[in-house]
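First the structure, in the form of structure tokens, and then the observations on it.
Taken together, the values in this text are just the output of simple stated rules run on the coordinates, not laboratory data. Note that the structure is predicted; figures quoted are calculated from it, not measured. Every residue, glycine as well, gets a Cβ built from its backbone with ideal geometry; the counts of neighbours run over all protein chains shown.
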Amino acid sequence: MKYLLIFMLVFSIVPGFAQKKAAISKTDVAKKEAIQDLQNNVAPYKDVALKIWGYSEVGYKEEKSSVLLKDLLSKEGFQVESGVAGIPTAFVATYGSGSPVIGILAEYDALPGLSQQAVPEKREAAGRQAGHGCGHHLFGTASVAAGIELKNQMIKNGWKGTIKVYGCPAEEGGSGKVYMVRDGLFNGVDIVMHWHPGDENRAWMDGALANKSAKFRFYGVSAHASASPERGRSSLDAVEAMDNMVNMMREHIPSSTRIHYVITSGGKAPNVVPDFAEVYYYVRHPKKDDAVQIFDRITKAAEGAALGTGTTMKFEIIGGTHDLLLNKTLNNEINKNLLLVGGISYTPDEIDFAKKLQSTLTFTTPSYLEAAKIQPMTLPENSSPGSTDVGDVSYVVPTVGFSTATWVPGTPAHSWQAVACGGTEIGIKGMMVAAKTLTCMGIDLLNNPLLIENAKKEFKQAIGDYQYKALLGDRKPALNYRD
């Protein structure tokens, strides 16, 4: 009887272990196959990315870029909804049904004033005013590639679930994702994945700064600046007075705050008192509530400037984004997948390009060999100095992100050097690392309900009783903010 019980116990336990081992093995095999599939399809994805790099369309103007990505997804069996959230270039592409629902963010807007050829010296591209200084042509293409490969793996392995690829315009100051969040497009999504081009391979556990921006417009009275200046009221004086007050205010705000501005209109001729002037402000802080309070103080400075110069003032909120809510559960997992995929190796020609490009930088740069490494995951207390509308997504859905070395190590974002790298094989290699990592993480999410459950528990604990509210209020998308 004793031996019979032992035999029955072993019989009941071993199959469970065998099934678990088989499931793990099947997932690992799927990742290996997915990585190879993506590598086999580098050429078509490279073509897509470089077309978007050439389009270089700024925020809310990404007509060609959006269509290119939508057509690719549609041909692969995704149901594409265009013009979502009142934004002509935004879309949601869906494949599958039921749980889990995995979202992948895709961006594709360029930056104004960064026209550049794919060469290691500063050289503008003829007929082009903007450039992909943040690598969003790579961002969008890699995310679409990952969505398609996840779809292929779902079909091949009979997995259930839903993949949603979000076409997100105008990340650069236009807060495109905020309107998508506000319109409920992320309701019912279990996990969202994103990534970003960079000069290193690293899973993120550093936050982003909340951001609130506006254009302050002053209206005065024009007059001859020499013959009858007393009859004029200078709107430019008001802008300068505002800027002076804000600059003095810097001494009396938290040191982690960032405030920057550009005068977008200051008059047309020195001998005419300007009757209109405009200044465009960004306010950033690690905490969304503090960013809003500091922004409110800046509006008071604008009101005071108008009062003191005899002008009137109106302001238009342009953007507003939350800080980034981190999820260690998800970040630990995506770090494993980034390590599985590995970094980037350069050919001799690419090494030559990297060295020439690094020589144009005015600071000490890391070795180009760093691109081959996966850097240690950043710590939560290290806050990124940048802002992103992914922050708003992270306050409604557990969200995870990472960066890959699409640029030569040491290359700063929003630079001509970043634009140049993005038009070369260096950028494409980093893009494919991202596509593979997103796909492997998606495979985990489709097959590991406990991972999603734990991520949601962490999310709920972090969010507390906070109810999401867009920092930009109820304004409609600022579709012409780049005009």
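Things worth noting here:
- Charge sum, other residues only, whose C-beta stays under 14 Å from GLU33's C-beta, Lys/Arg counted +1 and Asp/Glu -1: +3
- Cβ-based exposure ranking for ASP206, ASP352, ASP389, in which fewest neighbours within 10 Å come first: ASP352, ASP206, ASP389
- Summed side-chain charge close to THR89 - residues other than THR89 whose Cβ falls under 9 Å, Lys, Arg +1, Asp, Glu -1: -3
- Set of aspartates and glutamates near LYS356 by C-alpha distance (under 18 Å), chain-local residues within fewer than 8 positions excluded: GLU121, GLU124, ASP199, GLU370, GLU425
- Violating pairs (Cα-Cα greater than 31 angstrom) within the set LYS177/LYS456; LYS46/LYS151; LYS64/LYS355; LYS51/LYS355: LYS64/LYS355
- Ranked list, fewest to most other Cβ atoms within 10 Å of each Cβ, for HIS285, HIS260: HIS260, HIS285
- Prolate/oblate/rounded label for segment 210-321 (Cα gyration tensor, a/c 1.5): prolate
- Against the chain, whose longest principal axis is taken from its Cα atoms, helix 449-463 shows a tilt of about 30°.
- Computed from label points 7 Å out along Cα-Cβ, the spacing between LYS476 and SER255 is 4.5 nm.
- Restricting attention to segment 210-321, the count of lysine pairs at 8 or more positions apart or across chains with alpha carbons under 12 Å apart stands at 4.
- Note on the chain: Kirkwood radius taken over Cα pairs, Stokes-Einstein applied at 37 °C and 0.692 mPa s, translational D equal to 137 µm² s⁻¹.
- Note that segment 66-157 shows a convex hull volume over its alpha carbon atoms of 129 Å³ per residue.
- Each part gets one Cα centre, and for segment 174-193 versus segment 274-308 those centres are 27 Å apart.
- Here ASN40 and SER228 are evaluated by their C-beta separation; at R0 = 60 Å the FRET efficiency comes out at 0.20.
- The helix-only estimate of mean residue ellipticity at 222 nm for the chain, built from DSSP H runs of length n ≥ 4 each weighted as -39500 (n - 2.57), is -14000 deg cm²/dmol after division by the residue total.
- Straight-line cross-link partners of LYS156 among the aspartates and glutamates, defined as a Cα under 13 Å from its Cα and at least 8 positions apart when in the same chain: GLU33, ASP37.
- For segment 174-221: rounded, prolate or oblate by the Cα gyration tensor [a/c cutoff 1.5]: oblate
- Between the alpha-carbon centres of segment 134-148 and segment 226-252 there is a gap of 44 Å.
- Neighbour-count order for VAL80, VAL67, VAL396, fewest beta carbons within 10 angstrom listed first: VAL67, VAL80, VAL396
- One chain, two ends: ASP296 and ALA372. Fully extended at 0.36 nm per residue, the span grows by 22.8 nm beyond their Cα-Cα distance.
- Within the shell of other residues whose beta carbon sits under 13 angstrom from the beta carbon of VAL221, the net charge comes to -1, with Lys and Arg scored +1 and Asp and Glu -1.
- Theoretical gain in end-to-end length, THR264 to THR360 [0.36 nm per residue, Cα-Cα removed]: 31.6 nm
- 0 to 90° range, to nearest 10: angle between helix 136-157 axis and the chain longest Cα axis: 20 degrees
- The modelled label-to-label distance for the pair TYR466/TYR219, using points 7 Å beyond Cα in the direction of Cβ, is 3.7 nm.
- Among 69-77, 236-244, 472-480, the order from most to least packed when residues are scored by Cβ within 10 Å on average: 236-244, 69-77, 472-480
- Alpha carbon centroid spacing (whole Å) that separates segment 332-350 from segment 41-113: 24 Å
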